[in-house]
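**Q** One structure, pasted below without further comment.
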Amino acid sequence: MNDIKTKFDITDIIEQRENLSFITIPKEHAISLVTYLRDVKGFKHLVLLTAADWLEDEEFQLTYLLNNPDEKSDLGVRVFISREDATMETAHHLWEQVATYQRELKEMFGIDFPGSPDVDKPFILEGWDDKPPYRRDFDTKQYSEDTYFPRPGRESNDPAEYMKKKLYPDEK
Amino acid sequence: MKEDFKKRTVISPEGKPIEIDPLKDYFSDAKPKVYKPAHPIIEKFANWARANSLWVLGFGTGCGAIEMRPLMTPRFDAYRYGIQWRPTPRQASVFVVSGYLSVKTLKRVVRTYEQMQNPKFVIALGSCTINGGMYWDSYNTINRLDHYMPVDVYIAGCMPRPESLLAGFDKLKTIITEGRGEGANTYAEKFDWYKANQKKVIKDWDMPDYNW
């Protein structure tokens, strides 16, 4: 770990367990760090590439979760990119399957990976023309009500309120 | 337009080049027709026969498909009621829409439904087909099936057990013998309304208007 610290401009390290830690790195050094980890440090296996939407901070967080099969340890590389200009370097040259993750992220979060194969092809949604649905400012309930002809008469109860009314009707 | 639907020249088995226009040659461009019932006596006999040989299309759309396996195997054994599963829409008369439908699946379901021969019946299985069920606020699953195709029987539940499915089939039999299984005619009558609803939801409409 010290080795990586001296070589790369790492902003944050969280050691969650003995064999699991997360490191945060600026966007422009991320792919070179992942390449270094794969080729030199033995993190040969990519477990997943995923994103989280931090709407309040106006950032997306990408996590490359890597696995070292010899040491049986995991390492997550976290990258924060801005929501405004959501683009990231592609990593499909390191692992072929990254292209599929990137295609999904493009469709669900609208994060672009220029140069990644088939990144603009629809992945699950066919002909989607709205905001990417996994962005947190996309209102899925509103969209469903506008699009899918909701059946009238659907009521929902807050379980706590409902039970309170039922068990203690006198209490206010 | 899809690549498959474009006009192209192909080599026939005799070695001659022939021009094909898939939309015209492979699909009927005629709208579905309303069929008037035959003479009451004949119709009554036909309905009795239809009700006792329900052929189900083996198409599982959502999680409800898992309930159809025990139904066709010896424990619940739907075959003893004259219900059997078929591999192709051309041979089937009952479409069991089993559970939630994403827009992507709805597109295939519409296409399959239109390929089935008259008379055809639809059983909608699970809460998802009635009002969206637990996926009622999802961005990608439809809320009510009856806006896209006529439904004869709803089976509520999440998931309904195979027994309720059998009860649903029983109900469908009653409906057919009473001559009320007119789904295909309803579809033909309100064809424009159904098409408009389908096209509203399926954004990349790239199939012929009627897949017959």
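**Q** From the set of residues in the range A:140-155 that are over 16 Å from B:LYS199 (Cα atoms) and more than 7 Å from chain B (Cβ to nearest Cβ), which is surrounded by the fewest Cβ atoms within 10 Å (Cβ to Cβ)?
**A** Going through the qualifying residues, I end up with A:GLU155.
**Q** Continuing with the same structure: Given B:GLN84, B:GLN117, which one is under 17 Å from the mean Cα position of the chain (by Cα), surrounded by fewer than 17 Cβ atoms within 10 Å (Cβ to Cβ) and part of a strand (DSSP E or B)? Working first, answer last.
**A** Working: B:GLN117 fails: part of a strand (DSSP E or B).
None of the others qualify; the one that does is B:GLN84.
**Q** Of the residues B:ARG180, B:ARG161, B:ARG144, which single one is of a type in the set (Lys, Arg), within 29 Å of B:LYS31 (Cα to Cα) and more than 13 Å from chain A (Cβ to nearest Cβ)?
**A** Numbers: B:ARG161 fails: within 29 Å of B:LYS31 (Cα to Cα); B:ARG144 fails: more than 13 Å from chain A (Cβ to nearest Cβ).
None of the other options fit; the residue is B:ARG180.
**Q** Only one residue in B:LYS195, B:LYS171, B:LYS190, B:LYS203 is within 11 Å of another protein chain (Cβ to nearest Cβ), charged (D, E, K, R) and either within 23 Å of B:ARG108 (Cβ to Cβ) or surrounded by fewer than 18 Cβ atoms within 10 Å (Cβ to Cβ) (or both). Which one? Write out each step before concluding.
**A** Working: B:LYS195 fails: within 11 Å of another protein chain (Cβ to nearest Cβ); B:LYS171 fails: within 11 Å of another protein chain (Cβ to nearest Cβ); B:LYS190 fails: within 11 Å of another protein chain (Cβ to nearest Cβ).
So the residue among B:LYS195, B:LYS171, B:LYS190, B:LYS203 that is within 11 Å of another protein chain (Cβ to nearest Cβ), charged (D, E, K, R) and either within 23 Å of B:ARG108 (Cβ to Cβ) or surrounded by fewer than 18 Cβ atoms within 10 Å (Cβ to Cβ) (or both) is B:LYS203.
**Q** Given (1) touching a Leu at 6+ places or on another chain (Cβ under 7 Å); (2) farther than 30 Å from A:TYR134 by Cα; (3) within 12 Å of chain A (Cβ to nearest Cβ), where does B:VAL151 come up short, assuming only one miss?
**A** Among (1) touching a Leu at 6+ places or on another chain (Cβ under 7 Å); (2) farther than 30 Å from A:TYR134 by Cα; (3) within 12 Å of chain A (Cβ to nearest Cβ), B:VAL151 violates only (3).
**Q** Moving on. If we keep just the residues of the range A:108-129 that are of a type in the set (D, E, K, R) and surrounded by 14 or more Cβ atoms within 10 Å (Cβ to Cβ), which is nearest to the other protein chains (Cβ to nearest Cβ)? Show your work before the answer.
**A** Residues of the range A:108-129 of a type in the set (D, E, K, R): A:112, A:118, A:120-121, A:126, A:129.
From the residues that got through so far, the ones that are surrounded by 14 or more Cβ atoms within 10 Å (Cβ to Cβ) too are A:112, A:126.
Working: A:ASP112: 21, A:GLU126: 5 Å.
Of everything passing the filter in the range A:108-129, A:GLU126 is nearest to the other protein chains (Cβ to nearest Cβ).
**Q** Further, regarding this structure: Look through B:GLU3, B:GLU43 and report the one residue that is closer than 30 Å to B:TYR139 by Cβ, out of contact with any Asp or Glu (no Cβ under 8 Å at 6 or more places or on another chain) and either free of Cβ contacts under 8 Å to residues at least 60 places away in the same chain or of a type in the set (Asp, Glu) (or both). Can you show your working first?
**A** Values: B:GLU43 fails: closer than 30 Å to B:TYR139 by Cβ.
Residue meeting the stated conditions: B:GLU3.
**Q** With the range A:1-97 as the region, which strands (runs of 3 or more DSSP E) entirely inside it contain at least 3 residues that are crowded, with 18+ Cβ neighbours inside 10 Å and in contact (Cβ under 8 Å) with a residue 24 or more places away in the chain?
**A** Numbers: elements: A:12-17, A:20-24, A:45-54, A:59-68, A:73-82.
Those strands (runs of 3 or more DSSP E) span A:45-54, A:59-68, A:73-82.
Listed here are the residues, each with its yes/no results for (1) closer than 25 Å to B:TYR81 by Cα; (2) at pLDDT 90 or above; (3) among the hydrophobic types (A, V, I, L, M, F, W, C).
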| position | (1), (2), (3) |
| --- | --- |
| B:PHE95 | yes, yes, yes |
| B:ARG108 | no, yes, no |
| B:THR112 | yes, yes, no |
| B:GLU178 | yes, yes, no |
| B:LYS200 | no, yes, no |
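**Q** Residues to consider are B:ILE176, B:ILE142; find the one that is surrounded by 22 or more Cβ atoms within 10 Å (Cβ to Cβ) and under 23 Å from B:PRO37 (Cα atoms). Before you say what the answer is, go through the steps one by one.
**A** Values: B:ILE142 fails: under 23 Å from B:PRO37 (Cα atoms).
Among B:ILE176, B:ILE142, only B:ILE176 is surrounded by 22 or more Cβ atoms within 10 Å (Cβ to Cβ) and under 23 Å from B:PRO37 (Cα atoms).
The values are calculated or read from the model by the stated rules, or taken from the named source; none is laboratory data. As the structure is a computational prediction, the values presented were derived from the model and not from experiment. Positions of Cβ are backbone-derived with ideal geometry, glycine not excepted, and every protein chain shown enters the neighbour counts.
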